[in-house]
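A.B. asks: Take a look at the following structure, please.
The values are calculated or read from the model by the stated rules, or taken from the named source; none is laboratory data. As the structure is a computational prediction, the values presented were derived from the model and not from experiment. Heads up, the Cβs are rebuilt from the backbone with ideal geometry, glycines too, and the neighbour counts pull from every protein chain shown. To get the accessible areas, we keep the full protein, side chains included, count just its heavy atoms, and leave off ligands, DNA and RNA. Shrake-Rupley method; radii C 1.70, N 1.55, O 1.52, S 1.80 Å.
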Amino acid sequence: MTETHFGYSTVDETAKARHVRGVFDSVARRYDVMNDLMSLGMHRAWKAYAVAVARVRPGDTVLDVAGGTGDLARAFASRVGARGLVVLSDINEQMLRQGRDRLLDGGLIVPSLLCDAEALPFAGATFDLVSVGFGLRNMTHKEKALAEMARVLKPGGRLLVLEFSKVAAPLAKAYDWYSFNVLPRIGRLVAGDEASYRYLAESIRVHPDQETLKAMMKTAGFGHVDVHNLSAGVVALHVGIKC
Ligand SMILES: C[S@@+](CC[C@H](N)C(=O)[O-])C[C@H]1O[C@@H](n2cnc3c(N)ncnc32)[C@H](O)[C@@H]1O
């Protein structure tokens, strides 16, 4: 039996995906409003930054992994044009439904695919860009997921990993206080779910920091990796080039 993190708890590897599914089944309906509340709207700026760095061009093929309610997929879809393709994917049916419906409501037809990032159902060298926003930290075998993302990228293609990371030391105390006192309370009041938002705070603390994730991406096949700290490291954007 191999064990892994689920927030601060240790669970059997085979159970982690089930626990994560429980979290996202529970939060799916209130996910977008909670994102705005918890990050004070900052998640929009972090995603806009990632989209700007992505420099997606008309005709590009893009895969958004763990795409959830589709913020990144939507931004990419309006950039790739009629000749390009964006695929929204997620392991969780509730989250994917929310994403697909939002995109359709916005007039965008984007293929939506239920799949595990650790076993992507695409041939090698299919995409120009792969993105994963706030999803990697929930995956059981991060190395496997990163290797899969490298596999489906064309040579020279880029992976964007937007994820919570290690905040700068002077802010750590205040950030911890906010994460463990305010976040779970907002979760209880707005989404009726304190535990999922406690998991959010814990999962951020056990996620690899900037340098560790950079090294993991290099091992997974990204010859060059740039790290952009956002909001003093609350979030980091890792950009890996497959080479
Ligand atoms: C915090 S949400 C992020 C959603 C969206 N990318 C965003 O930035 O708003 C994390 C997502 O990761 C998905 N996820 C977790 N483990 C996954 C896996 N192994 N493969 C694919 N998606 C996964 C969850 O279902 C959830 O929708």
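A.B. asks: Have a look at GLY84, GLY67, GLY99 and point out the one that is touching a Pro at 6+ places or on another chain (Cβ under 7 Å) and small (Gly, Ala, Ser). Give the steps one after another, and end with the answer.
C.D. replies: Numbers: GLY67 fails: touching a Pro at 6+ places or on another chain (Cβ under 7 Å); GLY99 fails: touching a Pro at 6+ places or on another chain (Cβ under 7 Å).
It is GLY84.
A.B. asks: Given the criteria under 26 Å from PRO184 (Cβ atoms) and either aliphatic (A, V, I, L, M) or out of contact with any Lys or Arg (no Cβ under 9 Å at 6 or more places or on another chain) (or both), does LEU108 qualify? Reasoning before the result, please.
C.D. replies: Numbers: under 26 Å from PRO184 (Cβ atoms): no; either aliphatic (A, V, I, L, M) or out of contact with any Lys or Arg (no Cβ under 9 Å at 6 or more places or on another chain) (or both): yes.
So LEU108 does not fit the description; no.
A.B. asks: How many of the residues in the stretch 195-206 are open to solvent by 20 Å² or more (accessible area, probe 1.4 Å) and either over 16 Å from PHE24 (Cβ atoms) or aromatic (Phe, Trp, Tyr) (or both)?
C.D. replies: Result for the stretch 195-206: 2.
A.B. asks: Among the residues of the stretch 136-171, write down those that are in contact with a Leu (Cβ under 9 Å, 6 or more places away or on another chain) and among the hydroxyl-bearing types (Ser, Thr, Tyr).
C.D. replies: SER165
A.B. asks: Here's a follow-up. Determine the pairs where a residue that is under 30 Å from ASP226 (Cα atoms), located within the stretch 190-211, has a partner that is open to solvent by 50 Å² or more (accessible area, probe 1.4 Å) and part of a helix (DSSP H, G or I) with Cβ atoms under 7 Å apart, the partner being 6 or more residues away or on another chain.
C.D. replies: Cβ pairs passing all conditions: ALA201/PHE180.
A.B. asks: Going through the stretch 121-137 one residue at a time, which ones are in contact with a strand residue (DSSP E or B) (Cβ under 9 Å, 6 or more places away or on another chain), in contact (Cβ under 8 Å) with a residue 24 or more places away in the chain and open to solvent by 10 Å² or more (accessible area, probe 1.4 Å)? Can you show your working first?
C.D. replies: Within the stretch 121-137, the subset in contact with a strand residue (DSSP E or B) (Cβ under 9 Å, 6 or more places away or on another chain) is 121-122, 124-137.
Going one step further and asking which of them are in contact (Cβ under 8 Å) with a residue 24 or more places away in the chain, we end up with 122, 124-137.
Hits for the stretch 121-137 are PHE122, GLY124, ALA125, THR126, ASP128, GLY133, PHE134, ARG137.
A.B. asks: Can you tell me which residue within the stretch 155-169, out of those that are in contact (Cβ under 8 Å) with a residue 40 or more places away in the chain and surrounded by fewer than 15 Cβ atoms within 10 Å (Cβ to Cβ), is farthest from LEU96 (Cα to Cα)? Don't jump to the end; show me each part of the working.
C.D. replies: Initial filter on the stretch 155-169 (in contact (Cβ under 8 Å) with a residue 40 or more places away in the chain): 155-168.
Filter once more, keeping what is surrounded by fewer than 15 Cβ atoms within 10 Å (Cβ to Cβ): 155-156, 168.
Values: PRO155: 28, GLY156: 29, ALA168: 33 Å.
Looking at the filtered set, the residue picked out is ALA168.
A.B. asks: For the stretch 221-243, check the following and say yes or no: at least one residue is in a helix (DSSP H, G or I), modelled with pLDDT of 95 or more, of a type outside the set (D, E, K, R) and surrounded by fewer than 16 Cβ atoms within 10 Å (Cβ to Cβ). Show your work before the answer.
C.D. replies: Taking the stretch 221-243 as the starting set, the residues that turn out to be in a helix (DSSP H, G or I) are 231-233.
Subset that is modelled with pLDDT of 95 or more: 231-233.
This time we only want the ones that are of a type outside the set (D, E, K, R), so: 231-233.
Going one step further and asking which of them are surrounded by fewer than 16 Cβ atoms within 10 Å (Cβ to Cβ), we end up with 232.
Yes: one or more hits.
A.B. asks: When you scan the stretch 130-219 for helices (runs of 4 or more DSSP H) that lie fully inside it, which ones turn up with 3 or more residues that are within 11 Å of the ligand (Cβ to nearest atom) and modelled with pLDDT of 95 or more?
C.D. replies: Numbers: elements: 142-152, 172-177, 183-191, 194-205, 210-219.
By residue number, 142-152.
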